[in-house]
Amino acid sequence: MRIVAVLLLALLALIVGCSDDPTSPPPGETQSFLPLTTRNAVLNNLELGWTQRKADKIDELLDDNFIFFFNEGDVGGEIPESWSRFEDLAATTALLESNTNPPSGVPVCREVRVDLVFDDDLEWTEVPVPATAVGEVWYTATVPYLFQFEMEGDLTFVQNDAKAQFTVRQDEAAWRLVEWRDLGESIRAAGDVSVASTEANTWGGVKALYR
């Protein structure tokens, strides 16, 4: 009986050990939305809002006077140099909700993968503020980004090596995104594309499809 008891205890320990064995969760599942009490929290929530397709979370982090500036290479035709908070949020919402509420005349985006490449050591630089914001302190940081937007019709927009400049300001107790400048794609990213149904694009270029 004593031998049987020892074997049972050993078997129980083995089962418990196996149940505690850590596994790697899918990317993004360990990330969570943060209170907008730090500058980096703005970037964290921006990335997660796109990845989880939550336009309401993006709405929360945009300043009332937010402006999106397109990459110079995208400007022309129907794409302006910049657009307002209203225009940007409307396009973002249409893109993110296209899989559940398909808008007419634009493609359905089936899957969104976005990665802003930054960490706790990201360097934020103080920048001059407009005359209407005297007494405030604004900070800016340039951040590499990668994305993959899988569209209907077997077309995938990708970007592997681009950068964006983000400027934030403190609104009472929270930080908000007041400017986003899309610095565009690199030559290397475009050269990485080898699949006929895959196209390199800028973040602004993709959003402009849903204007």
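The values are calculated or read from the model by the stated rules, or taken from the named source; none is laboratory data. Everything quoted here is computed from the prediction, not taken from an experiment. So basically every Cβ, Gly included, is an ideal-geometry build from the backbone, and we count neighbours across all protein chains shown.
Annotations for the structure displayed:
- Take the conditions (1) surrounded by fewer than 17 Cβ atoms within 10 Å (Cβ to Cβ); (2) at pLDDT below 95; D74 misses just one of them, which is (1).
- Criterion: buried (at least 18 other Cβ atoms within 10 Å of the Cβ), touching a strand residue (DSSP E or B) at 6+ places or on another chain (Cβ under 8 Å), of a type in the set (A, V, I, L, M) and within 17 Å of E150 (Cα to Cα) - qualifying residue of L95, L46, L62: L95
- Some residue of the stretch 111-134 being out of contact with any Gly (no Cβ under 8 Å at 6 or more places or on another chain) and under 16 Å from Y210 (Cα atoms): yes
- The stretch 180-211 - residue that is in a strand (DSSP E or B) and under 18 Å from L116 (Cα atoms) and, of those, modelled with the lowest pLDDT: A200
- Against the conditions (1) surrounded by 20 or more Cβ atoms within 10 Å (Cβ to Cβ); (2) within 23 Å of L146 (Cβ to Cβ); (3) touching a residue at least 60 places away in the same chain (Cβ under 8 Å); (4) among the hydrophobic types (A, V, I, L, M, F, W, C), L36 satisfies every one except (2).
- Inside the stretch 122-167, residues that are closer than 30 Å to R110 by Cβ and among the acidic types (D, E) make up a count of 4.
- Residue check for L177: of a type outside the set (S, T, Y), surrounded by fewer than 20 Cβ atoms within 10 Å (Cβ to Cβ), modelled with pLDDT of 90 or more and under 18 Å from N44 (Cβ atoms): no
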